[in-house]
Every structure is written in C-alpha cells, then in structure tokens.
Amino acid sequence: MKCIQVGLLCVQQLPADRPDVSALITMLDVDDVGSLPVPKQPGVTRCKGCSSDGVLQHDPETCSVNPVSLTVLNPR
C-alpha cells in the first residue's frame with residue numbers, strides 16, 4: 001500500500017504537487033501509511049476510448065488491437 005500511495009504522489013497532475021527525491025526517500029522509510037500525504041488527482045485518468053465510468057470501449061476507431069510500435073535503430 002505504501003508503494004502504491006507513493007507512486008500516486010509521483011504522478012499528480014501538477015508538478016509542484018509531486019514530491020522531490022529526498023521527500024520520496026523519507027516517505028519510503030515511514031512505517032505508517034496513514035502518515036503519508038494524500039495524493040491528489042493523477043495527471044491522466046481517462047483514455048480517449050473510455051466511457052464516463054472509465055470502462056474501455058472496444059471501438060476500432062478509438063482503440064488499437066496492438067498499441068505497441070517498433071522502431072529499428074541503425075547506427076550511422
């Protein structure tokens with residue numbers, strides 16, 4: 001639970017709300033999860049193909065079957 005809460009603190013929408021590295025190290029040493037700050041709204045909460053309740057709609061125009069792209073890097 002502590003790692004999830006710290007992770008949510010790191011992805012808050014406003015960069016000013018995100019903790020710096022020294023604060024993160026201190027948070028990871030805390031034993032009581034209740035003493036950690038409560039995270040605000042994360043930066044990304046809904047995708048383009050999601051309905052208002054957050055459920056992914058399988059619409060071929062908004063969703064891809066394979067969202068992975070491969071890039072081949074060749075040295076010069």
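Laid out as a table, the results:
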read-out: Additional length obtainable on full extension of the chain from LEU8 to ASN74, 0.36 nm per residue less Cα span; value: 20.1 nm
read-out: For VAL11, distant residues with modelled amide H under 5 Å away; value: none
read-out: Contour minus Cα-Cα distance for VAL30 and MET1 (0.36 nm per residue); value: 9.2 nm
read-out: Phi to ³J(HN,Hα) by Karplus 6.51 cos²θ - 1.76 cosθ + 1.60 over region 24-34, Hz, x for Gly, Pro; value: 5, 4, 5, 5, 5, 7, 6, 8, 9, 5, x
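Throughout, read-outs are computed from the coordinates displayed, never taken from laboratory work. From a predicted model like this one, the values you see are computed outputs, not experimental measurements.
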